[in-house]
1. So which helices (runs of 4 or more DSSP H) stay within segment 30-82 end to end and still have 2 or more residues that are over 22 Å from Q15 (Cα atoms) and either hydroxyl-bearing (S, T, Y) or within 21 Å of the chain's Cα centre (by Cα) (or both)?
2. Could you run through segment 9-27 and say how many residues are exposed (fewer than 11 other Cβ atoms within 10 Å of the Cβ) and in a helix (DSSP H, G or I)?
3. List the number of the failed condition for F55; all other conditions in (1) surrounded by fewer than 19 Cβ atoms within 10 Å (Cβ to Cβ); (2) over 30 Å from R150 (Cβ atoms) hold.
4. With the checklist (1) crowded, with 22+ Cβ neighbours inside 10 Å; (2) at pLDDT below 85; (3) over 29 Å from K62 (Cβ atoms) in hand, flag the one item V115 doesn't pass.
5. Just to verify a result, which residue in segment 147-162, among those that are among the hydrophobic types (A, V, I, L, M, F, W, C) and surrounded by 17 or more Cβ atoms within 10 Å (Cβ to Cβ), is nearest to D82 (Cα to Cα)?
6. Can you list residue pairs whose Cβ atoms sit under 6 Å apart, with the first residue in segment 159-177 being farther than 19 Å from T145 by Cα and touching a residue at least 12 places away in the same chain (Cβ under 8 Å) and the second being among the hydroxyl-bearing types (S, T, Y) and surrounded by fewer than 21 Cβ atoms within 10 Å (Cβ to Cβ)? Count only pairs 6 or more apart in sequence or on different chains.
7. On the given criteria, is Q37 surrounded by fewer than 18 Cβ atoms within 10 Å (Cβ to Cβ) and over 24 Å from L120 (Cα atoms)?
8. Quick one: which of D92, D34, D43 is closer than 30 Å to L196 by Cβ and at pLDDT 90 or above?
Amino acid sequence: MSGSQDKPLTAREQQRLETRRKVYEAAVDVFKRDGVQECRIEDIATLAGVSRGTFYFHFPTKDAVLLEFLGESESDFVDAVDSLPGDAPIEDVVGVTAVAMARSWSQAPDLFVEVGVVALRRTAESLASREDAYGIREALARRFTAAAARGQLLPQVPPQSLADFFLASFFAVAMGWTRSDADMPLEAALQGAGFLFLNGARMPDAE
């Protein structure tokens, strides 16, 4: 039995998606130019060629735009983790995550501070709701589960909690990096955070 195909979008639905994308891209441009807190919705609407109401129809808040921005970046992080072999050492998982995040966040460090606040809030909320699993958190939790099964990580800590802790530490380090005068690449700062994470979570006898 052949699988059912997705129903083609109507012209109206396609136009709605295109408008949403236009509003999103305009919002990101204005965020980068003026800052998230300081920017005006009117400026976003003008740049997108839509009304103020159209912005709110697609994005109820500025945070909704930031979440979409985070989601697009996150897909690259997931791809980086998923590109590794299933039995890849946990060090490799941490390393490729640091590289992918540094590559993404270095392109818009000022905007990342705002994105990081939203990301940290989402990570904190996930600690209170075990049903909530999102892209990179789920991908890391799978890797941490496998590493714990191999005796590389502490089995007492749930893999999703380890993923939350890992992501929170990376977001915190990256946010500090954007406000630091230290002459250190973001990738190096994240690799350092990964080193601290591993040495805190590693089983005492693990090689």
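1. Working: elements: 41-48, 52-58, 62-82.
Because the criterion is at least 2 residues that are over 22 Å from Q15 (Cα atoms) and either hydroxyl-bearing (S, T, Y) or within 21 Å of the chain's Cα centre (by Cα) (or both), the helices (runs of 4 or more DSSP H) in segment 30-82 that meet it are 62-82.
2. As a first pass, look at segment 9-27 and keep what is exposed (fewer than 11 other Cβ atoms within 10 Å of the Cβ): 10-12, 18.
Now narrow it down to the ones that are in a helix (DSSP H, G or I): 11-12, 18.
Of the residues in that region, 3 qualify.
3. Just one mismatch for F55, condition (1).
4. V115 satisfies every listed condition except (3).
5. Let us first name the residues in segment 147-162 that are among the hydrophobic types (A, V, I, L, M, F, W, C), namely 147-149, 153-154, 157, 162.
Now restrict to residues that are surrounded by 17 or more Cβ atoms within 10 Å (Cβ to Cβ): 147-148, 153, 162.
Working: A147: 15, A148: 18, L153: 19, L162: 18 Å.
Among those that are among the hydrophobic types (A, V, I, L, M, F, W, C) and surrounded by 17 or more Cβ atoms within 10 Å (Cβ to Cβ), it is A147.
6. Within 6 Å, no pair qualifies.
7. Values: surrounded by fewer than 18 Cβ atoms within 10 Å (Cβ to Cβ): yes; over 24 Å from L120 (Cα atoms): no.
So Q37 fails the test.
8. After applying the criteria, what remains is D92.
The values are calculated or read from the model by the stated rules, or taken from the named source; none is laboratory data. Predicted model, so just to flag it, every value in this text is computed and none were measured. Reconstructed Cβ throughout: ideal geometry from the backbone, glycine too, with neighbour counts over all protein chains shown.
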